[in-house]
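Input: a single structure, listed below in structure tokens.
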Amino acid sequence: MASWAYRKGVHDLGRGCYAYLQPDGTWGWSNSGLVADGGESLLVDTLFDLKCTREMLAGFRAATPAAQRIGTLVNTHSNGDHTFGNQLVAGAEIVASRACAEEMRQRPPEQLAAMMRNWQALGPGAAFFHEVMGTRFDFEGIALTLPTRTFERALELRVGGKEVRLVEVGPAHTGGDVVVYVPQDRTVFTGDILFAGGHPVLWAGPVGNWIRACDLILGWEVETVVPGHGPITDKAGVRAMKRYLEYVRDEARRRFDAGMGYEEAARDISLAPFAGWTDPERILVNVDALYREFRRDKAPPDAMALFAAMGRYHAERKAQAAQ
């Protein structure tokens, strides 16, 4: 495949496919995509706030006339860094999995804006969230803009004469993850099923679904992979994500069976095989999710407690690096 520079902005993938990247791909800095053909276009995801989304839309419009009026917007999952700019794609049909739409209702942008206004009073979880995202993005003025069409399992769309396949692979990262496959162009937009060069976040699970999603992509005729975060890659990036998930699953299982608590286990697991990957504190979320899976605990995660745990881990690593 071509060697893609990891720089902010639009990347022409060829044959009417485009990616918009936001380095360095860490907390909140997500990617989006565009599929164009015959004067029509489909947008894959919006960004975390209105400013970022406006910049992205302007970039796509400068790249191709087909982006002047986007007919379809696909949200790959419910997280705000892939949905909070929806209101700016006026007139588009917004498509997502049914589970994604349900999660979006549960976590509206107004809720996040209120938390960021009051983060100092809300404890260490809110403080770490503010540190890694609240200082980067402006959540004020964002209106909840829900999908207008939902589906389960799979949906085929047309963009001009081009087939675009939406495949629901969640629950995995979230409850309703979808990947967007353009067979004619051998291109897939993965949403957060792939963090290229970064630790993923297993908010929902089970981990087996995520591994199967990787296998699904690896079984397709794919040359170009646009991750939810990080640089453009190919199947090597998908294989690396699958190795990470299998490694953390197996290492967590051994420590679970030995009776370790999830925080102790997360600190005990060596991340050397993934040295250089961003956001290592996410190991806390991933081990907690796996422990709940091993216990067959169906309760949702305590997100603020996990952000607090990640904050402690993040602070410890910063202190060690400073020594």
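Structural remarks
- Residue-span extension gain [Ala305 to Gln68] - 0.36 nm each, minus C-alpha spacing: 81.0 nm
- For the chain, the spherically averaged projection of the C-alpha convex hull amounts to 15.8 nm².
- Charges were assigned to the Cβ only: +1 to each Lys and Arg, -1 to each Asp and Glu. The resulting dipole of segment 240-314 about its Cα centre is roughly 200 debye.
- Largest mean-square fluctuation among Ala303, Ala272, Ala92, in a Gaussian network model of the chain whose springs join Cα atoms under 10 Å apart, belongs to Ala272.
- Separation of segment 120-143 and segment 1-69, taken as the distance between their Cα centroids, equals 25 angstrom.
- When +1 charges are put on Lys and Arg Cβ atoms and -1 charges on Asp and Glu Cβ atoms, the dipole computed for segment 9-322 relative to its Cα centre reaches about 180 debye.
- A convex hull fitted to the Cα coordinates of segment 137-188 yields 147 cubic angstrom per residue.
- Paramagnetic reach from Glu263 in segment 290-312 [backbone N under 14 Å; point 7 Å along Cα→Cβ]: 304-312
- Which of Ile232, Ile283, Ile269 has the fewest Cβ neighbours within 10 Å, and the rest in rising order: Ile269, Ile232, Ile283
- Residue order, fewest to most surrounding Cβ atoms within 10 angstrom, among Met310, Met115: Met115, Met310
- Segments 292-301, 61-70 sorted - mean Cβ within 10 Å per residue, highest first: 61-70, 292-301
- Contour excess over end-to-end distance, with Cα ends at Ala114 and Arg295 and 0.36 nm allotted per residue: 61.8 nm
- Listed by chain and number, the aspartates and glutamates placed with their C-alpha closer than 15 angstrom to that of Lys242 are Asp192, Asp215, Asp234, Asp250, Glu251; residues fewer than eight positions away on the same chain are left out.
- Cβ-based exposure ranking for Trp4, Trp203, in which fewest neighbours within 10 Å come first: Trp4, Trp203
Every number in this text was worked out from the coordinates using simple rules, so none of it is lab data. Please read these numbers as outputs of a predicted model, since none were measured by experiment. Cβ sites come from the backbone with ideal geometry, for glycine too, and all protein chains shown count toward neighbours.
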